[in-house]
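Remarks on the structure that follows.
Throughout, read-outs are computed from the coordinates displayed, never taken from laboratory work. The model shown is predicted, which means the values in this text are computed figures rather than measured ones. With ideal geometry, Cβ positions are generated from the backbone for all residues, glycine too; neighbour counts draw on all protein chains shown.
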């Protein structure tokens, strides 16, 4: 089996925020016995693994990775080892992010609402903005359009994500205009099978729509703070929590959080009365081919 050439390193589970939609927040109890920050010796071992397994890209993540007291030293280690390097940050500590400028290839900043925003012209590293689409941040489509028009030249790229349906808040905070987006902005699928809207030259990635064509071979490697390396979804623990256990959201969520094989997702579709075998009918008929890959369901070997 082939595996991804990307690896995510968890530098810390610490975070200065307490976002209600956070996937990791309810899972921190699973890490309560871990030390708060990964150490440099563990980083060295992870980089050795990455070299041996033909990893090309390494992303530094958390929690909030800029809380790690040695984040700059770690970034230098990763870059010196020859990897394309990313970091995912909430940008609450801009002075730390600035120290990473020119070391990190891509600095991805998460936008959850009004905050201090950087500008690409002030950075050597590429700055991308990841917008989390919620009723609180962008209650109307026009508010999103206005924001993108105002900031589209401030960043190397802007990506917009809907909320992953991982708890009650995530479901209730979902914006009301998703279903009407396709009328103006076509719904497409990328090479991984993820749904997105082609939006003003950017993408609105639909985390709320199941990826029913997910290929296990595309999973990221994930390096934990104790040095354990797994595939991204294999060892994560997700709590269904107070969700309605019989709702379509919960059934799809459970299938996607626990699925290791496509049949699990197929069952979720059947539970929701969706036609798995003909899922392309949920896409605009005029867009059956995109960028050289087929939208026709892959046949099992």
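For the reader, a short list of remarks on this structure follows.
- Using distinct alpha-carbon pairs, which all enter the 1/r mean, Kirkwood radius of the range 72-182 in Å: 15.4
- Among 111-124, 7-20, the order from most to least packed when residues are scored by Cβ within 10 Å on average: 7-20, 111-124
- D (Stokes-Einstein, µm²/s), Kirkwood Cα radius, the range 36-107, 1.002 mPa s at 20 °C: 174
- Extension gain (nm, one decimal) between residue 230 and residue 156, 0.36 nm per residue minus Cα-Cα: 23.6 nm
- Judged by the mean number of other Cβ atoms found within 10 Å, the most tightly packed of the peptides 125-135, 89-99, 55-65 leads the ranking 55-65, 125-135, 89-99.
- Stretchable slack from residue 143 to residue 49, in nm (0.36 nm times residue separation minus alpha-carbon distance): 29.3 nm
- Label sites at residue 121 and residue 190, each approximated as a point 7 angstrom past Cα along Cα to Cβ, lie 2.9 nm apart.
- Kirkwood-based shape ratio for the range 1-145, expressed as Rg/Rh from alpha carbons: 0.98
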